[in-house]
Every structure is written in structure tokens, then in C-alpha cells.
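First up is the structure itself, then whatever we jot down about it.
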Amino acid sequence: MKFNYRILTILGFAGTLFVGCGSTGAILSTPIENIDTAPLKVTALTDAEAKNWGHLDLINDTIPGMSVDKAYAEIIKNKKGKKVIVAVIDSGIDIDHEDLRSVVWTNEDEKPNNGIDDDNNGYVDDIHGWNFLGDGYDEQLEYVRLIASGDTSDPRYAEAVELQEKEYQQYLGTKTRYDQIGAAVKGAHDTLTTHFGKSDYTIAEVNAIETEDEMLNQAVQIAVQMNANGLSLADANTEINNALESINERLNYHFNIDFSGRTTDDDINDLSDIGYGNGNVKPVKKSESHGTHVAGIIGAERNNGLGANGVANNVEIMSIRTVPNGDEYDKDVALAIRYAVDNGAKVINGSFGKSFSPHPEWVRDAIKYASDNDVVFVHAAGNDSKNVDEGANFPDDNVDFVEISNTYIRVGSLTSKYGSKIVSGFSNYGKKNVDVFAPGSDIYSTFPENDYKSISGTSMASPAVAGVAALIRSYYPKLTAAQVKQVILASGLPITTKVVVGGDSSNVKSFSDLSTTGRIVNAYNALIMASKL
Ligand SMILES: [Ca+2]
Ligand SMILES: [Ca+2]
Ligand SMILES: [Ca+2]
Ligand SMILES: [Ca+2]
């Protein structure tokens with residue numbers, strides 16, 4: 001699964017609306033009292049800050065960004081460094097995007113569209129990367145595939161069955177709630193449209209209504225409540241329909257034991273059966289935006305007057321389409337990592353993961369292959385608000401905490417609020433299995449078809465760190481991948497105060513217990529430390 005957070009945010013929002021039905025101002029969080037004395041930024045971010053907060057500086061701006069702008073102003077200046085290839089193993093990238101097309105990797109040894117594997121790397125016409133999914137888009141979750149396989153001898157079969165029943169029922173319940181809210185919102189909007197003789201009525205007009213009509217009164221209440229949450233009824237309708245689309249995808253594909261999404265003609269249990277898929281590394285539809293957003297965080301062209309600034313200014317982005325709408329296959333992930341290593345990537349970003357894995361050794365071997373070949377692998381910690389030391393989280397770099405790679409970095413997510421709420425509520429953590437934290441909440445970056453949006457997830461924190469790794473490799477190319485990892489970890493800013501974990505104000509932990517380092521990534525410090533090695 002891709003690790004962005006949009007769907008869950010909407011679910012939480014509408015859940016609150018439902019619970020609070022009839023009363024306004026339902027979205028209130030419990031205040032946090034005196035769990036630290038760290039300075040908090042008291043004013044809201046400006047528009048410019050909101051679109052760039054991950055690059056700002058804790059001291060100059062009181063925002064816990066990675067000091068990227070300071071690094072450019074004081075260290076990099078006009079230097080141009082060495083070009084670094086960064087592989088994005090994801091959902092495909094809009095390589096024609098106005099803010100990305102200048103940084104797209106091209107395989108110079110391959111001739112396009114001749115049906116021949118000119119560079120003899122096992123992939124025909126792979127010009128900008130590879131697409132292991134072919135025309136595929138929707139997929140089951142991995143534990144649903146396990147149930148579909150009927151392999152009752154698998155030690156996790158019973159767990160999978162239980163999980164599927166639980167999650168399916170949960171989403172079915174959510175769907176029912178959404179259908180109810182959707183019907184109420186639509187009914188209220190229709191009533192008010194009829195009442196006013198127009199659909200673009202204002203909240204002031206709604207507030208002025210005085211009536212004994214029960215249906216009209218109810219419509220007023222719903223409109224007032226939605227307005228308290230910042231939405232007109234028409235907008236709420238759209239949000240609910242979008243959310244329902246996501247929920248239906250889950251029910252129809254992710255949790256559906258009878259669905260098969262695989263379109264490539266390969267044997268999924270034979271790692272030597274390669275060459276399937278195709279050279280089209282773009283998303284198959286606009287909604288497949290994840291990889292494009294991730295790519296922009298790493299390397300969107302800087303200071304070109306368009307959209308966003310990537311962290312790194314001298315990269316080529318290789319797109320390896322591997323992660324569907326649903327769980328990725330171990331075989332595709334293992335081959336994608338090897339493709340990246342064999343075709344010149346020095347940094348790989350993996351903003352995806354899952355809790356079941358039929359062939360974890362294939363992926364682990366590939367991660368070790370990256371490590372053995374001097375490639376940094378950056379992985380998102382995941383968005384379940386949980387401690388990943390306590391359960392399976394794939395792809396991983398260890399067996400029972402014994403690491404097989406010294407170039408693998410796992411990243412948790414930060415908000416822009418320095419202080420007790422600095423950890424993103426969705427972010428996973430782990431004293432052993434998460435290494436550092438980096439900006440991941442409300443990150444502005446590229447979306448398909450020359451669009452730009454702010455979205456949240458550890459999926460956004462991981463490429464921020466991949467960008468820093470690329471910066472170091474660009475300006476200090478003599479450092480090994482293992483040294484780059486060491487520098488990123490050791491140069492981060494330590495935070496020793498207590499923070500809220502899982503977005504739950506009763507769950508307070510010391511930030512230093514959430515990762516191996518207790519640090520937040522800082523590009524400025526990393527470049528200084530790299531210069532001294
Ligand atoms: Ca080729
Ligand atoms: Ca060719
Ligand atoms: Ca730009
Ligand atoms: Ca590790």
C-alpha cells in the first residue's frame with residue numbers, strides 16, 4: 001500500500017460529522033497541558049510557509065523543517081555537484097509534468113519503441129524506468145491474496161481470515177454511515193435550493209431563515225454544522241462522494257477474495273520469470289498521483305517559477321511503477337530494487353509497505369543487494385499510528401532485529417508544529433525499526449497533469465530524506481552509501497522532550513524513544529558533517 005493519508009483523514013472527518021450530528025463545533029481536540037516547555041510557533045503558517053515548510057529552519061523560522069533553504073544559501077550557493085540518479089519505486093510518475101520533465105532519468109543505452117532490449121538489461125524499451133504492473137491498477141491486499149490461495153498450512157492463514165472479516169465489516173459500516181450522511185447532506189441541499197430558488201445560497205441567507213417547517217429547519221441545522229467544519233453543502237457532497245469511491249475500492253478490490261488484479265503474464269511465484277510489464281512509467285489515470293507527488297518532493301525543478309521546489313537540485317528521477325492501488329507484490333518490489341541498482345540509481349525511495357509478505361526473503365535479498373552495491377534505500381515507516389517494533393512491517397532490513405543492510409533508513413513523519421504535537425498523528429514509530437523523523441504532514445508537491453497539491457503521510461517524509469541523501473551524494477560523491485546513512489542519522493537535531501503519539505493526547509512518549517536516533521533530519525547539518533568526513 002502507498003503510505004499517504006488522504007482517505008483516512010476524510011474518514012475521520014466524516015465520522016466526527018456523523019457523531020456530532022445536530023450539534024455544532026464537534027471537532028475539538030483535548031488540550032495538551034504542560035508536557036514540555038519547548039517554544040511553539042504561535043502564529044499560523046503563511047501561504048508561502050505552508051508550501052515550503054519542510055525546507056525551513058527551526059531557529060530562523062521556528063518551523064521544524066530540514067533547513068534546506070539555509071543549506072542552499074550558505075553551503076551549496078552556486079555549486080552544481082554531481083548528477084545523482086534517484087529511483088522512485090511507486091505508482092508511476094507523470095514524467096511530462098512541467099515541474100518534473102527536466103529531471104527525468106533517461107536510459108541512454110536503450111532505443112525507444114523498437115521492441116528490442118538494446119542495452120541487454122532484460123527490459124525491452126525501458127527509456128525512463130520500468131512498469132512492473134503493466135495495465136494493472138487495482139489490487140487485493142496481501143493477506144487477502146493469502147486467503148485466496150487457500151493455503152491453510154500458512155502460519156498466518158487464520159490471522160488473515162480474521163483480519164479480512166474485521167476490516168471488511170468495518171468498511172461496510174463506514175459505507176453505510178457515509179451513505180446516510182451523503183443522503184442527509186444531499187437532501188438538505190435540495191431543500192435549501194428549492195427554498196431559495198438557487199443552489200449558490202450563502203450561509204448568511206441560511207442563518208436568516210425562520211420557519212416552523214421541520215424539514216427546512218433540519219436542512220438549516222445540517223448546513224450550519226457543515227459550515228462550522230468549513231464546508232458548503234455542495235462541497236461536502238463532493239467530499240462524501242470521493243470518500244465513498246475510496247471505500248468502494250476497498251470493498252470491491254482490496255478486501256475482495258475473488259478479485260484478481262494482475263494483468264502481466266508472469267508466474268508470481270517464480271522470481272526468475274522476468275521481463276513482464278512495459279516501459280510506460282506514467283500513472284494509468286490521474287488519480288494515481290502518489291508517485292508524482294513523491295518525485296516532486298525529491299527533485300521538482302528548483303526556483304523555476306513553477307509549483308514546488310524539490311530538496312535536491314541535481315538529480316535524475318527513475319520511475320519504477322510497482323505499487324498498485326492495493327498491496328504491491330514481493331516479486332515486483334525485489335525486481336524493482338534490483339533494476340534501480342543495476343541501472344545506476346544511488347538512492348532509492350520506497351514509500352509503500354504491508355504487514356503480510358509471502359516472499360520477504362526476495363525483498364530482503366534485494367535490499368542487501370542495494371547495500372552491497374553502494375545504494376541508499378529510504379523507506380516510509382507507515383501510517384498506522386503504531387509501534388513497528390512490535391509487528392511485521394515489510395519491506396524490512398532485518399531478521400529479528402539483526403540488520404542485513406547498512407544503507408537502509410526508515411523514516412517517520414513530522415508536522416510543522418514544533419512542540420508536543422510535532423509527530424504526525426498517523427506516523428508509525430519504533431525505537432529499533434524507525435531511524436529518523438522528517439516533514440510529512442501537509443507537504444506541497446507535484447500532482448499529475450501539471451497540478452500541485454498538499455498531502456500527508458510518511459510517504460512524504462521518506463522522499464524528503466531521499467532528497468537529502470541525493471544532496472549529500474551530489475556534493476560529496478566520495479562518501480559511501482553507508483556513510484551517507486550515518487551522516488543523515490548523526491547530523492539530525494535531537495529532540496528530548498515529550499510528544500503526543502498517534503494523535504492521541506493521552507498517549508505521551510519521549511521523542512527519543514520513537515526512533516533509533518531520536519532526531520529530526522537536517523540537510524544543513526548533514527552537508528556540514530559530510531564535508532568533514
Ligand atoms: Ca533494456
Ligand atoms: Ca529498445
Ligand atoms: Ca519548481
Ligand atoms: Ca533498521
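The values are calculated or read from the model by the stated rules, or taken from the named source; none is laboratory data. The model shown is predicted, which means the values in this text are computed figures rather than measured ones. Counting neighbours? That spans all protein chains shown, and the Cβs are built from the backbone with ideal geometry, glycine included. The protein model used for the area step is the full one, side chains on, heavy atoms only, and it has no ligands, DNA or RNA in it. Shrake-Rupley method; radii C 1.70, N 1.55, O 1.52, S 1.80 Å.
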Some residue of segment 390-403 being within 26 Å of Gly65 (Cα to Cα), open to solvent by 10 Å² or more (accessible area, probe 1.4 Å) and not aromatic (Phe, Trp, Tyr): no
Filtered residues of segment 368-386 (kept if open to solvent by less than 40 Å² (accessible area, probe 1.4 Å), in contact with a Gly (Cβ under 9 Å, 6 or more places away or on another chain) and at negative phi): Phe377, Val378, His379, Ala380, Ala381, Asn383
Candidate set from segment 480-496 (those that are at pLDDT 95 or above and hydroxyl-bearing (Ser, Thr, Tyr)); member that is least open to solvent (accessible area, probe 1.4 Å): Ser491
Where Pro477 falls short, out of the listed (1) within 26 Å of the chain's Cα centre (by Cα); (2) touching a residue at least 12 places away in the same chain (Cβ under 8 Å); (3) open to solvent by 60 Å² or more (accessible area, probe 1.4 Å): (1)
Residue tally, condition part of a helix (DSSP H, G or I) and within 30 Å of Phe132 (Cα to Cα), over segment 75-90: 0
Residue that is surrounded by fewer than 21 Cβ atoms within 10 Å (Cβ to Cβ) and not acidic (Asp, Glu), where the choices are Leu141, Leu172: Leu172
Any pair with Cβ under 7 angstrom, 6 or more apart, that starts in segment 221-238 at a residue that is outside the structural domain of Val206 (by TED's automatic domain parsing) and open to solvent by less than 30 Å² (accessible area, probe 1.4 Å) and ends at one that is part of a helix (DSSP H, G or I) and at pLDDT below 90: none
Residues being within 16 Å of Ala466 (Cα to Cα), open to solvent by 10 Å² or more (accessible area, probe 1.4 Å) and either within 16 Å of ligand 2 (Cβ to nearest atom) or in a loop (DSSP other than H, G, I, E, B) (or both) - total across segment 305-316: 3
Members of segment 59-74 found to be part of a helix (DSSP H, G or I) and surrounded by fewer than 18 Cβ atoms within 10 Å (Cβ to Cβ), listed by number: Ile59, Asn60, Ala73, Glu74
Top-ranked residue in segment 93-136 [being of a type in the set (Ser, Thr, Tyr) and within 14 Å of ligand 1 (Cβ to nearest atom); ranked as most open to solvent (accessible area, probe 1.4 Å)]: Thr106
Residues satisfying the stated conditions in segment 327-340, i.e. more than 16 Å from ligand 2 (Cβ to nearest atom) and either in contact with a Phe, Trp or Tyr (Cβ under 6 Å, 6 or more places away or on another chain) or not in a loop (DSSP other than H, G, I, E, B) (or both): Glu328, Asp330, Lys331, Asp332, Val333, Ala334, Leu335, Ala336, Ile337, Arg338, Ala340
Any hit, segment 48-58, residues being within 16 Å of ligand 3 (Cβ to nearest atom), more than 25 Å from Asn121 (Cα to Cα), assigned to a loop (DSSP other than H, G, I, E, B) and open to solvent by 50 Å² or more (accessible area, probe 1.4 Å): yes
Residue match in segment 348-369 (condition: aliphatic (A, V, I, L, M) and in a strand (DSSP E or B)): yes
The lone exception for Arg302 - which of (1) in contact with a Gly (Cβ under 7 Å, 6 or more places away or on another chain); (2) within 16 Å of ligand 3 (Cβ to nearest atom); (3) open to solvent by less than 10 Å² (accessible area, probe 1.4 Å) it fails: (3)
Residue among Leu216, Leu192 that is free of Cβ contacts under 8 Å to residues at least 60 places away in the same chain, in contact with a His (Cβ under 7 Å, 6 or more places away or on another chain) and more than 16 Å from ligand 2 (Cβ to nearest atom): Leu216
Test: residue in segment 405-417 that is farther than 20 Å from Val468 by Cα, touching a strand residue (DSSP E or B) at 6+ places or on another chain (Cβ under 8 Å) and in a loop (DSSP other than H, G, I, E, B): no
